[in-house]
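Reading through the structure tokens given below for one structure.
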Amino acid sequence: MKTIEIERKFLVRNDDWRASATSAHEIRQGYLTRGRENSVRVRTINGLSARLTVKFGKRGLSREEYEYDIPYAEAVELLSHAIGGVVEKTRYTVPHRGVVWEVDVFGGRHDGLTIGEIELNSEESNPSIPKWLSREVTGDKRYSNRSLARSTVAIALNAGSPATTTARQKPSGSYQD
């Protein structure tokens, strides 16, 4: 099914979001192509289901996305062909002021990295940014799942880390509870 993905990503400041989390899913994902702007991703969810996703280009915050359910056993086999490594994370859904945020807590070689993201209806959407989020990293390729899968070193750049650098900033919503 084709969709347009429009998302923003932020580093997570603290664990205050956990009290509002409504679900959690264990995810393993890898990438099967090396394209610069396009990608083919295979993902398993909770060790039970799987999806294949194809993403094309990026215009602003938007990109075309095609996603299909595939047999779990085939996804496991495809993950063995992933370029780089397999990303391991737990994805939590966290409602905040009428929208749902997804918080990814990474394991494996990126253990400790926590990123909050939101899917938007349009690039002009200006959601309320929770206080538990920190610096926006939308467009910072170091924080893309594809880059994390390819990385041979751990990325442990969270909100308070002095090693972080400023990402391209887009005007963001106001910080609120």
Considering only protein heavy atoms, what per residue accessible area in square angstrom results for the chain with a 1.4 angstrom probe?
-> 51 Å²
For the stretch 74-91, what does the Karplus curve 6.51 cos²θ - 1.76 cosθ + 1.60, with θ = phi - 60°, yield as ³J(HN,Hα) per residue in whole Hz, taken in order and with x for Gly and Pro?
-> 5, 4, 4, 5, 4, 4, 5, 9, 4, 7, x, x, 9, 7, 10, 7, 10, 9
Return a whole-number percent for the relative contact order of the stretch 1-157, with Cα pairs under 8 Å and 6 or more residues apart as the contact set.
-> 31 percent
Express in nm, to one decimal, how much length is gained between A73 and I45 on full extension, taking 0.36 nm for each residue of separation and deducting their alpha carbon distance.
-> 8.9 nm
In percent, what relative contact order does the stretch 29-107 have, based on Cα pairs under 8 Å that are 6 or more apart in sequence?
-> 26 percent
Would you mind pulling out the separation of the Cα centroids of the stretch 65-104 and the stretch 5-53, in Å?
-> 4 Å
Restricted to the chain, the DSSP antiparallel beta bridge percent, nearest 5, is 95 percent
Setting aside same-chain residues fewer than 8 positions from K58, which lysines have a Cα under 25 Å from its Cα?
-> K2, K9, K89, K141, K170
Take Y143, Y68 and sort them by solvent-accessible surface of the protein heavy atoms, 1.4 Å probe, largest at the top.
-> Y68, Y143
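Efficiency by 1/(1 + (r/R0)^6): what FRET value for V100 and L32, r their Cβ-Cβ distance, R0 = 30 Å, to the nearest 0.05?
The calculated FRET efficiency here is 0.60.
The values are calculated or read from the model by the stated rules, or taken from the named source; none is laboratory data. Quick caveat, the model's predicted, so the values are computed rather than measured. Using ideal geometry, Cβ is built from the backbone for each residue, glycine included, and neighbour counts are taken over all protein chains shown. Side chains are part of the model used for accessible areas, which takes the heavy atoms of the whole protein and leaves out ligands, DNA and RNA. Shrake-Rupley method; radii C 1.70, N 1.55, O 1.52, S 1.80 Å.
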